[in-house]
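S.K.: I'd like to ask some things about the structure below.
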Amino acid sequence: MEKEDDVLSDLSYVAKNFDDVAKETIVLVLEAAIAEIIGLRIALQTAAPKATWATD
């Protein structure tokens, strides 16, 4: 019963503060996407000099 009350409380908070929660979620998703892009770029820059190409 306590978990159900916690879930209902969380849902109530989200409903009352939907705009703020939505903005916060968008920011978190964008931050994660930017971090992923930076990580991929670093990985490519690290791997590129070590790669052997079929055209060589």
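Every number in this text was worked out from the coordinates using simple rules, so none of it is lab data. What you see is a predicted model, and the numbers here were worked out from it, not measured in a lab.
S.K.: How long is the gain from Ile37 to Ala15 if the chain were fully straight, where each residue apart is worth 0.36 nm and the alpha carbon distance is subtracted?
M.R.: On the way: separation 22, 0.36 × 22 = 7.92 nm, distance 3.21 nm.
Between Ile37 and Ala15, full extension yields an extra 4.7 nm.
S.K.: A follow-up question, please. For the chain, how big is Rg over Rh, using alpha carbon atoms and the Kirkwood form of Rh? Show your work: numbers first, answer last.
M.R.: On the way: Rg = 21.4 Å, Rh = 15.0 Å.
Rg/Rh: 1.42.
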